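Structure first, commentary second.
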Amino acid sequence: MLLLSVVTILTLLVLLGSGVWIAFALIGTAWIALSMFSTFEPGPVLASDFWGASYGWDLTALPMFIWMGEILFRSGLADNMFRGLSPWLNRFPGRLLHTNIIGSGMFAAVCGSSAATCATVGKMTLPELERRGYDPQMAIGTLASASTLGLLIPPSIVLIVYGVVTEQSISRLFMAGIGPGLMILAMFMGYLVLWSLLKGNRRGLTGQDESGMSFAEKLRNTWSLIPILLLIGGIIVSIYGGLASPTEAAAVGVVLSMLIARSNGHFNREIFQSSLFAAVRTACMIAFIIAGASFLTSAMGFTQVPMKLAQAIGAMGLSPTMLLLALTVLLLVMGCFLDGISLILLVTSIIMPLVSAAGFDLIWFGIYLVIVVEMSQITPPVGFNLFVIQGLTGKDILTITKATLPFFLLMLVAVALMHLFPSIALYLPYAMNR
């Protein structure tokens, strides 16, 4: 068993480090494990798992939500959000820095991609905040951190992937992401308010008061937010109320996103084609990784690695809290080298028997897993959001990492609160049956 574990880990590390596609790395690792340490033929297992991973109905929501995000990504949504939010935030401690947090949360809800949220909102807000005299470190920290919520706030592509591979209800996962997502947004904004009152205002790092706009002008600017709010609310309410499945809500979301883009004057044949092709590429990449992860899951099952691992850790007598702490450290280390979807698929392939044996609710664990993956997005050396910010600002990774550190620690606090009060994540999904 020790030899099998070492060979599996080394094979995976070598394949990932060589630049091979992640799906091929998972397939290669599984093939070697089956060939060397089991009596099963890899070929039939591979064919069966690829077929089983490709025809699930729940998976059809994935490309639709990706397409919806791609359309809105090209529709000038970030500009509308900045104009709509900024007039109301001038008298709030931190002023326009809150546009990074609220704007990222809103865009994340309709985009589902952390990197796309960071790039889109950052292109609009960072130059404006710098021009108006805001602290560049806080501007970077709020943007990089809040944009990770694209992985958590529904509709979330990562939650769809987790639901498919663990056979959990995607509707319940979406509902479970609302509470923690809003909690983390509130924690980010609360920290920004405290920073402004204790340091930012005294040092002139929160810009100038620009609240001279009339109430009627504020309303006119805010009007551009209404379609987006209706789109987000409609998707969540239709799923929560049982009016539509996630796939049906995604299809309606695509149509409504086209209408919103058209109303903004940013929708034509070229945007339609580019958004469609981008969605197809992303969806195919994710589906291929899911199929590879399914093959690896089967290989691990046939070689009994997860069962033996669960037995070994169970024999250590770790409490659920200590087990969660150990998993958090492990996931953060792995997240330094893998993107979010790959990390979730790899983890679910190996440790789900351990998680189930420890008595964790799999809906709750999915939200916990996504939050830790969010943290890995702002953890060097392979924090995707750090690279996006570096491309936007030209600053070095260490400077950007320092700016995101307080928000990273707030996410750790959020994980602790979820562990102490599981209803933060579980109240809404289980209220669906009442």
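The values are calculated or read from the model by the stated rules, or taken from the named source; none is laboratory data. Everything numeric here is computed off the predicted structure, so don't read it as measured data. Counting neighbours? That spans all protein chains shown, and the Cβs are built from the backbone with ideal geometry, glycine included. Calculation scope for accessible area: heavy atoms of the full protein, side chains included, ligands and nucleic acids excluded. Shrake-Rupley method; radii C 1.70, N 1.55, O 1.52, S 1.80 Å.
For PHE295, which of the numbered conditions (1) aromatic (Phe, Trp, Tyr); (2) open to solvent by 30 Å² or more (accessible area, probe 1.4 Å); (3) touching a helix residue (DSSP H, G or I) at 6+ places or on another chain (Cβ under 7 Å) fails to hold?
PHE295 satisfies every listed condition except (2).
Conditions tested, residue by residue: (1) of a type in the set (Ser, Thr, Tyr); (2) surrounded by fewer than 24 Cβ atoms within 10 Å (Cβ to Cβ); (3) at pLDDT below 70.
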| residue | (1), (2), (3) |
| --- | --- |
| CYS111 | no, no, yes |
| GLY122 | no, no, no |
| GLU130 | no, yes, no |
| LEU149 | no, no, no |
| PRO155 | no, no, no |
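Please name all residue pairs, on different chains or six or more residues apart, with Cβ atoms under 7 Å, provided the first residue is in segment 248-260 and is over 16 Å from ALA279 (Cβ atoms) and open to solvent by less than 70 Å² (accessible area, probe 1.4 Å) and the second residue is not basic (Lys, Arg) and not in a helix (DSSP H, G or I).
ILE260/SER75
Report, by residue number, each residue of segment 395-415 that is over 17 Å from the mean Cα position of the chain (by Cα) and open to solvent by 50 Å² or more (accessible area, probe 1.4 Å).
LYS395, ASP396, LEU398, LYS402, LEU405, LEU409, VAL413
For segment 18-44, enumerate the residues that are in a helix (DSSP H, G or I) and open to solvent by 70 Å² or more (accessible area, probe 1.4 Å).
The answer is PHE24, TRP31, MET36, PRO44.
Quick check: is even one residue across segment 91-105 among the basic types (Lys, Arg), modelled with pLDDT under 75 and assigned to a helix (DSSP H, G or I)?
no
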